[in-house]
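For reference, the structure discussed in these notes is given below.
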Amino acid sequence: MLRRAGPSLRHFLLERKSSAGYSSYFSEAKMSRPVQSRRLEGVDKNIWVEFVKLAATYSRVNLGQGFPDFPPPDFLKEALETALSRENYMLHQYTRAFGHPPLVKILAQFYGKLLGQDLDPMTDVMVTVGAYQALFCCFQAFVDEGDEVIIIEPFFDCYEPMVTMAGGTPVFIPLRPKAPEDGKMMSSADWKLDSAELASKFNERTKAIVLNSPNNPLGKVFSQGELELIADLCVKHDVLCISDEVYEWLVYDGKEHIRIASLPGMWDRTVIIGSAGKTFSATGWKVGWAVGPNRLLQHIRTMHQNSVYHCATIAQEAVAQVFQREFMLYGKPDSYFAQLPKELQKKRDWLVQSLDAAGMKPIIPEGTYFLLADISNFKSDVPDVPNSDEPYDSRFAKWMVKNKGLAAIPLSAFYCGAHKNNYSHFIRFCFAKEEATLKAANDILQKWKQEKTSP
Ligand code: PMP
Ligand code: GLN
């Protein structure tokens, strides 16, 4: 309101402020013009705001929002301590707007090696406040009114509101589950794209496709063939690829994470998004990055310089140091990028067994630290309400946290409004947890099963 006030009104308001009547002026006056912009329409609800609050209020065991409850590696904490030491006092001040030089340098070196190409740290890498900000900058930088953006379902929820806030239209394509062979548990690899259906989504209005491999919430790691299909369509229709690879190091059973930017014709049209929070088990650090060719990154920099401008120097310095360490150890067993997935795979297998024994059929994830479980066998506890506005899995997850103290996230939260009810009998668990937490979850599940089976 102050921003829009003319000189005399501003003078009047300042006078009121100095005579202590300022706050009452605001409480009395009502604006007659609308205070909500087009960008905010339909994006006010957020699954994390809702379920983080429910978990904080009711849960004894929280396998909902994705974060490890075990400590980050010692070398990460040591890197921060070193950055905080007396002689490094300038690390408390601003650094370069588009990324602290030591961090962009090592990221360029690291991704250059992974992609087999020379990267310029000053133009091909930008540091952001978590992967979230990198995503936001991408959509704001590239998507205009009328542009379409293809999103593969299930998808990390923020893609949809970020596209609509930029004025674009999200176009959804679901991964379709195929029944596994008899006697086998379902795997995230059983969820596939239909190639003809995918091709039908591309047209002259398509600006970008969002790829998230390994995928949150399913844990799917896209195969070479699937990535080639997407890449060919991007090249054919001159479409950008926003490649959210925050779980790039969390891949199991010897599977390989393939970077779509390394496929023919893709480097020039892909922005890779990464997160130190996921990579080093420290989600609260909120250090992320975007990697891509200057022709794309220049626009992301424009968004960044006009919004956040600059990320915390000290955290960037510490992340630079730990990336240096990982660069030296790359491919060796001591590397955190080798050790973390090994540890998480054990936790995955443990939770898979526990859910299976309780009758909640798990889908084995190939990557990430999430897994989905089928809740169809639990309908007797939480009866279906026909024609309810709320998807079944959402009501189930709320009931479960309130009545059993176990927090999880409904799968329908990762679908667009029109498709939510098609995929509403799964809930997502995060297994990046201490053994004691997973055991406590198991206790709840087994007790629940006993109550169900005993007369
Ligand atoms: N993308 C995906 C797929 C995620 O799961 C997350 C986790 N919140 C993010 C992006 C955002 O990451 P960050 O915490 O680094 O902002
Ligand atoms: N990526 C995490 C998850 O999927 C956290 C999401 C969030 O807090 N926005 O659980």
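All of Ala318, Ala407 fail the test of being of a type in the set (Gly, Ala, Ser) and not assigned by TED's automatic domain parsing to the domain that holds Ala441, apart from Ala318.
The combined condition, being β-branched (Val, Ile, Thr), surrounded by fewer than 16 Cβ atoms within 10 Å (Cβ to Cβ) and either outside the structural domain of Ser188 (by TED's automatic domain parsing) or part of a helix (DSSP H, G or I) (or both), is not fulfilled by Val401. Within the stretch 410-430, residues that are under 15 Å from Ile363 (Cβ atoms) and in contact (Cβ under 8 Å) with a residue 12 or more places away in the chain sit with their Cβ atoms under 7 Å from residues that are assigned to a loop (DSSP other than H, G, I, E, B) and among the charged types (D, E, K, R), at 6+ positions apart or across chains, in these pairs: Phe414/Asp157.
Taking the stated definitions as given, is Ala261 in contact (Cβ under 8 Å) with a residue 60 or more places away in the chain and within 12 Å of ligand 1 (Cβ to nearest atom)? So Ala261 fails the test. In the stretch 230-247, the residue that is surrounded by the most Cβ atoms within 10 Å (Cβ to Cβ) out of those that are more than 16 Å from ligand 1 (Cβ to nearest atom) and acidic (Asp, Glu) is Asp232.
Only residues that are modelled with pLDDT of 95 or more and out of contact with any helix residue (DSSP H, G or I) (no Cβ under 7 Å at 6 or more places or on another chain) were counted in the stretch 442-455, giving 2.
Here the stretch 42-54 is the region considered, the condition is being touching a helix residue (DSSP H, G or I) at 6+ places or on another chain (Cβ under 8 Å) and away from ligand 2 (no atom under 11 Å from the Cβ), and the residue that is farthest from Arg325 (Cα to Cα) is Gly42.
Looking only at residues of the stretch 125-155 that are buried (at least 24 other Cβ atoms within 10 Å of the Cβ) and of a type in the set (Gly, Ala, Ser), we find that the one that is nearest to ligand 1 (Cβ to nearest atom) is Ala131. For the stretch 199-253, a tally of residues being more than 19 Å from Gly292 (Cβ to Cβ) and not aliphatic (A, V, I, L, M) returns 22. The stretch 157-257 holds helices (runs of 4 or more DSSP H) entirely within its bounds, and those carrying 3 or more residues that are within 16 Å of ligand 2 (Cβ to nearest atom) map to 159-165. Screening the candidates Leu250, Leu227 for the property of being surrounded by fewer than 24 Cβ atoms within 10 Å (Cβ to Cβ) and either among the aliphatic types (A, V, I, L, M) or within 16 Å of ligand 1 (Cβ to nearest atom) (or both) yields one hit, Leu227.
Taking each residue of the stretch 332-344 that is buried (at least 19 other Cβ atoms within 10 Å of the Cβ) and looking for partners that are acidic (Asp, Glu) with beta-carbon atoms closer than 8 Å, six or more apart or interchain, yields Tyr336/Glu326. Taken residue by residue, the stretch 272-287 has at least one member that is closer than 17 Å to Thr368 by Cβ, at pLDDT 95 or above and away from ligand 2 (no atom under 16 Å from the Cβ).
The values are calculated or read from the model by the stated rules, or taken from the named source; none is laboratory data. It should be emphasised that the depicted structure is a prediction, and the values quoted were computed from it without experimental measurement. Don't worry about glycine lacking a Cβ; one is built from the backbone with ideal geometry, like all the others, and counts go over all protein chains shown.
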